[in-house]
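Read the figures in this text as sums done on the coordinates, not as results from a lab. Keep in mind the model is a prediction, meaning the values are calculated, not measured. Note: ideal-geometry Cβ built from the backbone for every residue, glycine included; neighbour counts use all protein chains shown.
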Amino acid sequence: MKRVLFFMYGSVVYLIFFATFCYAAGFVGNFLVPKSIDSPAAGPLTEALLINSGLLALFALQHSIMARKWFKELWTRIIPKPIERSTFVLFASAALILLYIFWRPMGGTIWSVEDPALQIILYAVCAFGWLLVLVTTFLINHFELFGLRQVWRYLLKKENEPLKFVTPGPYKMIRHPLYFGFLLAFWATPVMTVSHLFFSIMTTAYILVAIQFEEKDLIREHGKKYINYRKAIPMILPFRKKQKSLEGILAEK
């Protein structure tokens, strides 16, 4: 019975995550949601800055702390290991939902692109960014990342074996295509408001910091293989010159 309940829990959490992810595209892109990042300003600017900073900090701290190995070792003394990842995803989704509800738009326009062709290009880049994020999760095992694989294997009474280090598709060009997709989605907009700029700057800063923590974990997990990969492939800008070919440097001992 416990295995069934864990699977049901993981499945419900996954549905919550997916709805939250889809809402994020509308929230940032200003479409199909009742309140977006650029809704009409409400309240004093200073108050909005403090509230929005707190909401973004809450997500950043939750995401960073709960993803660390030391926290997982403590956390799984309370939360059963098969649902640890699902619980992480639930907390992350809750942090985003709070951001959607309590975000304070700030008004003001930094730039506005009037040319219809340029508008289409920017919307296309934004859409490509969201698509890249989603596709990238499937390349590195979407269902492991969001907890479904763990509860499914537990339901089948199978051990959840760790995933091997692989470099599919865009991972041969940059080490973090998922983060690159988010940057495209956040910055490519024909109308850059004060709210949108603040959001983009803060999330970009978080991404750059998060990469440092994530790569330390990857080095700890994969050792020399990831160190060699990091030497071969740019972090987040695909047009930076590579030091060596990926195949050559991964073959090094």
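For K81, list the aspartates and glutamates whose Cα falls under 12 Å from its own Cα; do not include residues on the same chain fewer than 8 positions away.
The reachable aspartates and glutamates, counting only those whose Cα sits under 12 Å from K81, are E73, E159.
Between G129, G29, G108, which gets the highest mean-square fluctuation from a Gaussian network model of the chain, Cα cutoff 10 Å?
So, out of G129, G29, G108, the one fluctuating most is G108.
Please check: in the Gaussian network model of the chain (C-alpha springs, under 10 Å), which one of R104, R175, R153 has the largest mean-square fluctuation.
It is R153.
Quick check on the exposure proxy: order T204, T87, T109 from fewest to most C-beta atoms within 10 angstrom.
So the residues, fewest neighbours to most, are T109, T204, T87.
Give a residue-ordered list of calculated ³J(HN,Hα) values for the stretch 187-193 (Karplus: 6.51 cos²θ - 1.76 cosθ + 1.60, θ = phi - 60°; whole Hz; x for Gly, Pro).
9, 7, 8, x, 10, 9, 8
Say a site is exposed when it is one of the GluC sites (Glu not before Pro), sits in a DSSP loop, and has at most 16 other Cβ atoms within 10 Å; what is then the longest site-free stretch of the chain?
Excluding the exposed sites themselves, the longest stretch runs over 1-113.
Loop sites only, by DSSP: take the chymotrypsin sites (Phe, Trp or Tyr not before Pro) in the chain that have at most 16 other C-beta atoms within 10 Å and name the longest stretch containing none of them.
Between the exposed loop sites, the longest stretch runs 32-164.
Quick check: convex hull of the Cα atoms in the chain, volume per residue, rounded to a whole Å³?
Taking the convex hull of the Cα positions in the chain, it is 146 Å³ per residue.
In deg cm²/dmol, rounded to 500, what helix-only [θ] at 222 nm does the chain give when every DSSP H run of at least 4 residues adds -39500 (n - 2.57) and the total is split over its residues?
-21500 deg cm²/dmol
Between T193 and residues 5 or more places away or on another chain, which pairs have amide H atoms under 5 Å apart, with H built 1.01 Å from N, and which residues are they?
Amide H neighbours of T193, under 5 Å, 5+ apart: I110.
Setting aside same-chain residues fewer than 8 positions from K35, which aspartates and glutamates have a Cα under 20 Å from its Cα?
E47
Given springs between every Cα pair under 10 Å in a Gaussian network model of the chain, which of L61, L132, L74 has the largest fluctuation?
L74
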